[in-house]
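All of the numbers you see were taken from the coordinates with simple rules; none came from a lab. The structure presented is a predicted model; accordingly, all values stated were derived computationally and were not measured. A quick note on method: Cβ atoms are made from the backbone with ideal geometry, for glycine too, and the neighbour counts reach across all protein chains shown.
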Protein chains: 2
Amino acid sequence: MAAKDQKKNSLKDRDQELFADWQTLHRVFIRPEDESSKQTLIKYMEQILFGLHDFLNKHVGVTEEISLAELSKNYTEVKINAEPRKKLAEVIEDIITDIAPRAVNVASPYFIGHMTSAIPFFMVHLKAISAALNQNVIKLETSKVLSVLEKQVLAKMHCMVYGKSQAFYAKHVQNTRTALGSFTTGGTTANITALWVARNKLFPPKEGFSGIEENGFFEAMRAHDLDRVVILVSKRGHFSLRKAGGILGIGNRNVIAVDVDENRSIDLAKLQHLIQTLKKDGRTKIAALIGIAGATETGIIDPLPQLADICEQQNIHFHVDAAWGGPVLLSERYRGLLKGIERADSVTIDCHKQFYMPMTAGMVYFKDPKALDAIAYHARYVNRKGSVDLGIKTLEGSRESSSLILDAALKIMGARGYGLMIEHGIETAKAFADKIRQRPLFELVSHPVLNILTYRVVPEQIRHQLAAAGPEEQITLNAALDEININIQRIQREAGKSFVSRTRLKLHPLDENNVVVLRTVIMNPMTTPDILDEILDEQELILSTLNW
Amino acid sequence: MAAKDQKKNSLKDRDQELFADWQTLHRVFIRPEDESSKQTLIKYMEQILFGLHDFLNKHVGVTEEISLAELSKNYTEVKINAEPRKKLAEVIEDIITDIAPRAVNVASPYFIGHMTSAIPFFMVHLKAISAALNQNVIKLETSKVLSVLEKQVLAKMHCMVYGKSQAFYAKHVQNTRTALGSFTTGGTTANITALWVARNKLFPPKEGFSGIEENGFFEAMRAHDLDRVVILVSKRGHFSLRKAGGILGIGNRNVIAVDVDENRSIDLAKLQHLIQTLKKDGRTKIAALIGIAGATETGIIDPLPQLADICEQQNIHFHVDAAWGGPVLLSERYRGLLKGIERADSVTIDCHKQFYMPMTAGMVYFKDPKALDAIAYHARYVNRKGSVDLGIKTLEGSRESSSLILDAALKIMGARGYGLMIEHGIETAKAFADKIRQRPLFELVSHPVLNILTYRVVPEQIRHQLAAAGPEEQITLNAALDEININIQRIQREAGKSFVSRTRLKLHPLDENNVVVLRTVIMNPMTTPDILDEILDEQELILSTLNW
């Protein structure tokens, strides 16, 4: 827009360079038709697609700790600018020069600390399409074909998980009365949705009671004459499950963390015993038993077939949290690891994890296409009964069409493309584990079943001391190692070239206490064994500079 | 990528044209460095920015009803393609030619039926930036500067709502121990978050009880010796509030819908009486009283100062659902309408509504910077106590950096820019109301306090009959009018040029029964009085073709 026009139409603040006026506002709503304005907008997009990338290439990880405090000082403005302060071009320029270098380059192959990674560049295009269409799939009237497409994508994913018959999908794929699952904004709300359904199933209506959703938790417990509702999951359960317990009124201490066995997956004997104990007096109900398919900290997969057996025998809702591991089903080589998932009543899978979609999208699937009826909500102006409106059976309200992105990504990648990424991750993690085993300064803590492993740095001197130490002394030595590993992780992060995360785990699954471990998630296809060697080299180097 | 290379590296399916191989996968993760590949990607983005727009221009609304059934038939595939099926260029082409024309053109100035509209074109750029950076603001380690920026944006919005002192914001803007609010994925989860906090505040720990979040709803009620928890809101409350009641274990029938008075806002006398009745036996607690600032169906604003008085007197959590109306605070001319909002304990505001951001983002604010402690969750690998990690106090887990988009939009638009849009909406709606009043075939049902109004079509003959009718006959006549209005709305939607929505409301606020009304939301700055005349003309024309 010409500065002259702006001035002419200003409503106020003629002193300032930029100001809001009606004509300018109009213009930001009309996509420019003339060639030169179009080229300007394209130029901006070029900056976004490639300018951002160049800057990110120079800054891998989180820079120095001190800069966070320093940085905070630059972000203390609390008044919204009255008049426009910047044009789009300047805003983009600022983001490229001020924000991007101080963000975290999750796309770096040296960034192996969290479940966030590089995404294929076509994802940015697909996200831009979703924004440009700006459909709201809460209702057909603001999404039309995208509601229909979403149902198809849900069916594809359901089929990937459950592999039901052709007749089953023919009946449900476009059925407006049933739902094979729902898109959510992430794994947390997917897990909450699944457990919400499980909670509600537990309290069928009876004389004088219309169900927990309507009457509430207290009346539900009285109507069904119970004292306690619990959810069972191994100690490796994601913290969203405790959160679900809290929000749903179950109480987060009633999300019972079952010990793991020597495989670091749920201890079946202890689980069985716990179930017997809980059931003994008939006053406790188990809302769900959760199997983990890809634990956040270790990547471990619980013994799903055995959990399915227990749930069938005991009539317990079987939920599988496959937020991380779900896409392993697309690898012919490794899908067997998830055997048993097809027996789950509900399954969580994240799109922004191993489907490599941009933040954020999750999904939850149900074996029973009527399961989501337990949480259906209607309104007078949308989501009327019997309508195609997808918002009837979702935790969230307004939602973008994430299914459009997943659908397109599946077409571009194919199951095989995703499968290759899964295979790369697992096999690179196994190679990494070998490297760790071969280096005397490192100790592998959890083995990579999938593409996640944990380890710690152990100076040789302490290693020898530990071997000879009694239980008391071991605690002291491990505390020293904790400090060392915390420092190594921090210093490496601050150096800004590589990033691993840290958590606390039992060194041996049956130990009493946790130790600090370094945690790596290998999901970037550009992460090579050489890079992993560099990361270990750097950690050795940092160790050599530490006073311990 | 050259087809030759693809072939050379294929792992399988040599017959097919496209297949997944390692080299191809690698390439989609490297942003192209050579000029010609860059130009190709830019070309695609040009298609997205302008190709989509051209197609949308030709298709305004939802096309014929029958095509939905027809459409469904095209989306019944349930197997994920094993090998890649399409390249990005083809996918984009398909979306432009097959999906976009069958989506809903929410950007049309003739689309005035829902709270979804055109967005400024720079929003697509900003969304692309957010996707390209792909930060996860759940934790500092995957977001760094964006966590700091988010805290600043939260402070700006908090200041817009609450206008606390400079000292207050200096203390909290970058305080890692407090939170002025949180971004959510939408108004629904913002409302749930607010009521979750309100629920938890109701049950402080006491001897043998550690709080409802930990011990659950049943123990909370027993520990505090209560029978019932309720939430109060007028009949115009958004359906997410009932959903919140359900999910939180309060029970959705305990979200009590209070009648409205002749202003269509909450009836204060009835509310006061209800509170007295509920409090009488000391066995019911009121978790929250909700004031609506921009009702979904009518745009009505509850008398916030009076509700604030009641909440203070009765010690009730005061939540204001300003998902729609929040940005009215940026209009100097109309911000007075929201007087009293600064006394709310919590406030919901949506970003994808009147902040014109792409789907989806919402926000919730709290007067007390410690309020969100009531729902804090920690994990061993992230969100450790005392960390800057924003994911400690949010319902959702992983989240994109919506604050980056809002921050940039505020810089580009200025408060004044948003204010102008608000003013246009309200004033155009008032002009529209006048037009409706002036046309003999229409009857205004709810007046526009903000930019939303409802009306219905009433053929003159029925209008006369209604004037003379007794109560019984009125019901019959209104039922006939309901049919007529349902048909007009449907036929207009199917014709595909314009779109208004419909809902059910009381014709006069104190009537017993609801009637069908047409509902319009004027939020597109391109919607002119002439367009509104065209929409009414078309409705008259449709009426003339109806057999009633």
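Note the distances from A:ASP373 to each other copy's matching label point, with points 7 Å along the Cα-to-beta-carbon direction, in nm, sorted shortest first.
Those separations, rounded to one decimal, come out as 4.6 nm.
Taking the label point 7 Å from Cα in the Cβ direction, how far apart in nm is B:ASP94 from each other copy of itself, listed shortest first?
When each copy's label point is compared with this one, the spacings are 4.0 nm.
If all Cα-Cα distances of chain A are sorted into 10 Å bins from 0 onward, what percent lands in each bin, rounded to whole numbers?
Taking all Cα pairs of chain A, the binned fractions are 3, 15, 23, 24, 19, 11, 4, 1, 0 percent.
Rounded to whole Hz and in sequence order, give me ³J(HN,Hα) for region B:213-228 from the Karplus expression 6.51 cos²θ - 1.76 cosθ + 1.60, θ = phi - 60°, writing x for Gly and Pro.
Using θ = phi - 60°, the values come out as 4, 7, 8, x, 5, 5, 5, 4, 5, 5, 4, 9, 6, 10, 10, 7 Hz.
Note down the net charge around A:THR277, summing +1 for each Lys or Arg and -1 for each Asp or Glu among other residues with Cβ under 13 Å from its Cβ.
Local net charge: +4.
Whole-Hz ³J(HN,Hα) for each residue in region B:174-180, computed from phi via Karplus 6.51 cos²θ - 1.76 cosθ + 1.60 with θ = phi - 60°, x for glycine and proline: what do you get?
My calculation for region B:174-180 gives 10, 6, 7, 9, 10, 9, 7 Hz in order.
Kindly give Rg over Rh for region B:415-545, based on alpha-carbon atoms, with the Kirkwood expression for the hydrodynamic radius.
Dividing the radius of gyration by the Kirkwood radius yields 0.99.
Distance cut-off 19 Å, Cα to Cα: go down the list A:LYS411/B:LYS127; B:LYS38/B:LYS411; B:LYS201/B:LYS367 and report the pairs above it.
Check vs 19 Å cut-off fails for A:LYS411/B:LYS127; B:LYS38/B:LYS411.
What number, rounded to the nearest 500 deg cm²/dmol, is the helix-based mean residue ellipticity at 222 nm of chain A, given -39500 (n - 2.57) per DSSP H run of at least four residues and division by all its residues?
-13000 deg cm²/dmol
Find the centroid of the Cα atoms in region A:98-124 and in region B:325-364, then give the distance between the two in whole Å.
32
Once amide H atoms are built 1.01 Å from N in the peptide plane, which residues 5 or more positions from B:VAL229, or in another chain, come under 5 Å H to H?
When sequence neighbours closer than 5 places are left aside, the close amide H contacts are B:LYS285.
Output, in nm with one decimal and in ascending order, the distances from the A:ASP309 label point to the matching label points of the other copies (7 Å from Cα along Cα-to-Cβ).
Nearest to farthest, the other copies are at 6.9 nm.
How crowded by other chains is B:27-39, given as the mean number of beta carbons from other chains within 10 Å of each beta carbon?
4
Apply the membrane-span-like helix rule to chain A: whole DSSP H runs, Cα extent along the own long axis of at least 30 Å, mean Kyte-Doolittle hydropathy at least -1.0. List the helices found.
Answer set is A:402-438, A:471-495.
Taking the axis that carries chain B onto chain A, what is the nearest Cβ in chain B, and at how many Å, to the whole number?
Per the Cβ-to-axis criterion, the result reads B:GLY249, 1.
Let's test this: bin the Cα-Cα distances of the protein assembly as shown at 20 Å from zero up to the farthest pair and state each bin's percent.
Histogram of Cα-Cα distances, whole percents per bin: 12, 44, 36, 7, 0, 0.
Given the C-alpha centroids of region A:213-235 and region B:148-214, what is the distance between them in whole angstrom?
A separation of 28 Å, based on Cα centres.
For A:GLY291, list long-range residues whose amide hydrogen, built 1.01 Å from N in the peptide plane, is under 5 Å from its own amide hydrogen.
Correct list: A:HIS319, A:VAL320, A:ASP321.
Non-local amide H neighbours of B:LYS86 (under 5 Å, H modeled in plane, Pro and chain starts lacking H): which ones?
Sorted by chain and number, the residues that satisfy this are A:ILE412.
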